[in-house]
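A short write-up of the structure that comes next.
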Amino acid sequence: MKHELPKLPYELNALEPHISLKTMEYHYGKHHNTYVVNLNNLIPGTEFENADLETIVKKSTGPIFNNGAQVWNHSFYFMSFSPKGGGEPKGKLAELIARDFGSFPEFKDKFSKAAAGLFGAGWAWLVMKHDGKLEIVQESNAGNPLRNGMTPILTCDVWEHAYYLDKQNRRPDYIASFWELIDWKVVEKRV
Ligand code: MN
(Lines give C-alpha, C1' and ligand atoms only; values in the text may rest on other atoms or scores of the structure.)
Protein backbone atom coordinates (compact mmCIF):
# COMPACT_ATOMS: atom_id res chain seq x y z
CA MET A 1 0.00 0.00 0.00
CA LYS A 2 1.04 3.55 -0.58
CA HIS A 3 1.85 5.49 2.57
CA GLU A 4 0.94 9.16 2.78
CA LEU A 5 2.18 12.26 4.54
CA PRO A 6 -0.76 13.16 6.81
CA LYS A 7 -2.46 16.49 6.32
CA LEU A 8 -2.05 18.50 9.52
CA PRO A 9 -5.04 20.11 11.27
CA TYR A 10 -3.21 23.46 11.47
CA GLU A 11 -1.22 25.76 9.19
CA LEU A 12 2.57 25.39 9.18
CA ASN A 13 3.00 28.84 10.74
CA ALA A 14 0.31 28.25 13.38
CA LEU A 15 2.67 26.86 16.02
CA GLU A 16 4.70 30.05 16.20
CA PRO A 17 6.34 31.35 18.32
CA HIS A 18 6.93 27.92 19.89
CA ILE A 19 7.89 26.13 16.66
CA SER A 20 8.66 28.33 13.66
CA LEU A 21 7.32 28.11 10.11
CA LYS A 22 10.91 27.42 8.97
CA THR A 23 11.23 24.42 11.29
CA MET A 24 7.85 23.09 10.14
CA GLU A 25 8.80 23.53 6.47
CA TYR A 26 11.92 21.42 7.03
CA HIS A 27 10.73 19.01 9.71
CA TYR A 28 7.30 18.19 8.27
CA GLY A 29 7.76 19.27 4.65
CA LYS A 30 11.18 17.70 4.07
CA HIS A 31 12.23 15.26 6.83
CA HIS A 32 8.83 13.66 7.47
CA ASN A 33 7.97 13.68 3.77
CA THR A 34 11.30 12.07 2.87
CA TYR A 35 10.62 9.17 5.24
CA VAL A 36 7.28 8.64 3.44
CA VAL A 37 8.93 8.75 0.00
CA ASN A 38 11.73 6.42 1.11
CA LEU A 39 9.29 3.92 2.63
CA ASN A 40 7.19 3.82 -0.55
CA ASN A 41 10.36 3.21 -2.57
CA LEU A 42 11.63 0.46 -0.27
CA ILE A 43 8.59 -1.82 0.14
CA PRO A 44 7.68 -2.97 -3.40
CA GLY A 45 8.60 -6.64 -3.80
CA THR A 46 9.02 -7.20 -0.04
CA GLU A 47 6.70 -8.86 2.50
CA PHE A 48 5.73 -5.35 3.61
CA GLU A 49 4.42 -4.24 0.21
CA ASN A 50 0.79 -4.43 1.39
CA ALA A 51 1.33 -4.13 5.15
CA ASP A 52 -0.17 -1.31 7.16
CA LEU A 53 2.20 1.09 8.86
CA GLU A 54 1.74 -0.35 12.36
CA THR A 55 2.69 -3.83 11.11
CA ILE A 56 5.80 -2.36 9.46
CA VAL A 57 6.76 -0.65 12.73
CA LYS A 58 6.29 -3.87 14.71
CA LYS A 59 7.83 -6.41 12.33
CA SER A 60 10.36 -4.87 9.95
CA THR A 61 14.08 -4.27 10.33
CA GLY A 62 16.78 -2.20 8.64
CA PRO A 63 15.89 0.64 6.26
CA ILE A 64 12.19 -0.34 6.04
CA PHE A 65 11.92 -0.14 9.82
CA ASN A 66 13.92 3.10 10.04
CA ASN A 67 11.79 4.91 7.50
CA GLY A 68 8.46 3.27 8.46
CA ALA A 69 8.89 4.01 12.16
CA GLN A 70 9.95 7.57 11.40
CA VAL A 71 6.74 8.03 9.38
CA TRP A 72 4.65 6.66 12.27
CA ASN A 73 6.53 8.63 14.95
CA HIS A 74 6.36 11.96 13.13
CA SER A 75 2.66 11.59 12.27
CA PHE A 76 1.94 10.82 15.94
CA TYR A 77 4.08 13.76 17.09
CA PHE A 78 2.66 16.38 14.70
CA MET A 79 -0.93 15.25 15.31
CA SER A 80 -0.45 15.90 19.04
CA PHE A 81 -0.06 19.66 18.53
CA SER A 82 -2.50 22.52 18.39
CA PRO A 83 -1.98 26.29 18.23
CA LYS A 84 -4.39 26.33 21.20
CA GLY A 85 -2.50 23.60 23.06
CA GLY A 86 -0.78 23.55 26.41
CA GLY A 87 -2.13 23.29 29.93
CA GLU A 88 -2.92 19.96 31.52
CA PRO A 89 -4.89 16.85 30.55
CA LYS A 90 -8.30 16.07 32.00
CA GLY A 91 -10.31 12.94 32.68
CA LYS A 92 -8.85 9.44 32.72
CA LEU A 93 -5.40 10.49 31.51
CA ALA A 94 -5.15 13.07 34.32
CA GLU A 95 -6.13 10.39 36.84
CA LEU A 96 -3.58 7.90 35.51
CA ILE A 97 -0.80 10.52 35.55
CA ALA A 98 -1.64 11.42 39.16
CA ARG A 99 -1.71 7.73 40.09
CA ASP A 100 1.58 6.77 38.41
CA PHE A 101 3.66 9.97 38.74
CA GLY A 102 2.18 11.71 41.78
CA SER A 103 1.01 14.83 39.95
CA PHE A 104 1.05 16.47 36.52
CA PRO A 105 4.06 18.72 37.42
CA GLU A 106 6.02 15.66 38.57
CA PHE A 107 5.17 13.83 35.34
CA LYS A 108 6.11 16.88 33.25
CA ASP A 109 9.43 17.19 35.03
CA LYS A 110 10.27 13.50 34.64
CA PHE A 111 9.28 13.44 30.95
CA SER A 112 11.25 16.65 30.28
CA LYS A 113 14.33 15.15 31.92
CA ALA A 114 13.98 11.98 29.82
CA ALA A 115 13.75 14.10 26.65
CA ALA A 116 16.62 16.42 27.62
CA GLY A 117 18.84 13.57 28.79
CA LEU A 118 18.44 11.29 25.78
CA PHE A 119 21.89 11.00 24.24
CA GLY A 120 21.99 11.69 20.50
CA ALA A 121 18.91 11.34 18.31
CA GLY A 122 15.67 9.73 19.43
CA TRP A 123 12.27 10.06 21.04
CA ALA A 124 10.95 10.38 24.60
CA TRP A 125 7.64 8.56 25.08
CA LEU A 126 4.81 8.35 27.54
CA VAL A 127 3.48 4.81 27.16
CA MET A 128 0.93 2.50 28.70
CA LYS A 129 2.22 -0.96 29.51
CA HIS A 130 0.26 -4.24 29.37
CA ASP A 131 -0.71 -3.88 33.02
CA GLY A 132 -2.23 -0.43 32.39
CA LYS A 133 0.55 1.43 34.15
CA LEU A 134 2.00 4.56 32.56
CA GLU A 135 5.73 4.78 32.06
CA ILE A 136 8.25 7.16 30.43
CA VAL A 137 10.71 5.51 28.05
CA GLN A 138 13.54 6.73 25.83
CA GLU A 139 14.07 5.30 22.35
CA SER A 140 17.09 5.97 20.14
CA ASN A 141 16.89 6.86 16.45
CA ALA A 142 13.58 5.59 15.00
CA GLY A 143 12.69 3.50 18.08
CA ASN A 144 9.00 2.96 18.81
CA PRO A 145 7.49 1.34 21.93
CA LEU A 146 4.91 -0.59 19.86
CA ARG A 147 7.74 -3.07 19.27
CA ASN A 148 7.79 -3.84 22.99
CA GLY A 149 4.02 -4.26 23.20
CA MET A 150 3.48 -0.86 24.80
CA THR A 151 0.84 1.70 23.78
CA PRO A 152 2.23 5.13 22.84
CA ILE A 153 0.40 8.05 24.48
CA LEU A 154 2.70 11.05 23.84
CA THR A 155 6.09 11.57 22.22
CA CYS A 156 8.73 14.28 21.95
CA ASP A 157 11.12 14.21 18.99
CA VAL A 158 14.59 15.13 20.21
CA TRP A 159 16.45 14.70 16.92
CA GLU A 160 18.33 17.96 16.36
CA HIS A 161 16.29 18.61 13.19
CA ALA A 162 13.26 19.14 15.48
CA TYR A 163 14.73 22.23 17.13
CA TYR A 164 18.09 23.35 15.80
CA LEU A 165 16.76 26.09 13.47
CA ASP A 166 14.81 27.64 16.37
CA LYS A 167 16.83 26.86 19.47
CA GLN A 168 20.27 25.72 18.22
CA ASN A 169 21.80 23.62 21.04
CA ARG A 170 19.20 24.57 23.65
CA ARG A 171 17.18 21.37 23.73
CA PRO A 172 15.54 22.24 27.10
CA ASP A 173 14.12 25.44 25.52
CA TYR A 174 12.57 23.34 22.76
CA ILE A 175 11.07 20.97 25.33
CA ALA A 176 9.53 23.97 27.14
CA SER A 177 7.96 25.03 23.81
CA PHE A 178 6.75 21.46 23.19
CA TRP A 179 4.53 21.59 26.30
CA GLU A 180 2.86 24.81 25.08
CA LEU A 181 1.58 23.00 21.98
CA ILE A 182 0.21 19.70 23.27
CA ASP A 183 -3.42 19.17 22.30
CA TRP A 184 -4.51 17.23 25.36
CA LYS A 185 -7.94 16.52 23.84
CA VAL A 186 -6.17 14.43 21.20
CA VAL A 187 -3.76 12.81 23.65
CA GLU A 188 -6.54 11.96 26.16
CA LYS A 189 -8.20 9.74 23.53
CA ARG A 190 -5.14 7.45 23.51
CA VAL A 191 -5.79 5.98 26.99
MN1 MN B 1 11.95 14.54 13.50
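The values are calculated or read from the model by the stated rules, or taken from the named source; none is laboratory data. In this text the structure is predicted, and so the values were computed from the model without any measurement. Note that each Cβ is placed from the backbone with ideal geometry, even for glycine, and that neighbours are counted across all protein chains shown. Only protein heavy atoms, including side chains, enter the accessible area calculation; ligands, DNA and RNA are left aside. Shrake-Rupley method; radii C 1.70, N 1.55, O 1.52, S 1.80 Å.
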Reciprocal mean inverse distance between Cα atoms of the chain - Kirkwood radius, Å: 17.0
More than 20 Å apart - percent of Cα-Cα pairs taken over segment 27-115: 52
Residue-normalised accessible area of segment 1-136, expressed per residue, 1.4 Å probe, Å²: 51
Cα convex hull volume per residue for segment 21-78 (Å³): 66
Accessible area of the chain belonging to carbon and sulfur atoms, whole % at 1.4 Å probe: 51
Total charge dipole magnitude, the chain, about the Cα centre, Cβ charges on Lys, Arg, Asp, Glu only, Debye to nearest 20: 200
Alpha carbon centroid spacing (whole Å) that separates segment 157-191 from segment 4-70: 17
Overall dimensions of segment 91-188 by Cα: Rg and Dmax, Å: 13.3, 40
Residue (of I43, S75, L5) at the positive-pole extreme of the chain, dipole from beta-carbon charges: S75
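Please identify the DSSP H helices in the chain that span no less than 27 Å along the helix axis (Cα) and have a mean Kyte-Doolittle hydropathy of -1.0 or more.
Helices meeting the criterion: none.
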Whole-percent pair-distance distribution, where bins are 5 Å wide, for the alpha carbons of segment 118-169: 5, 22, 27, 19, 13, 8, 5, 2
Partner lysines for K58 [C-alpha distance under 29 Å; skip if fewer than 8 residues away on the same chain]: K2, K7, K30, K92, K108, K110, K113, K129, K133, K185, K189
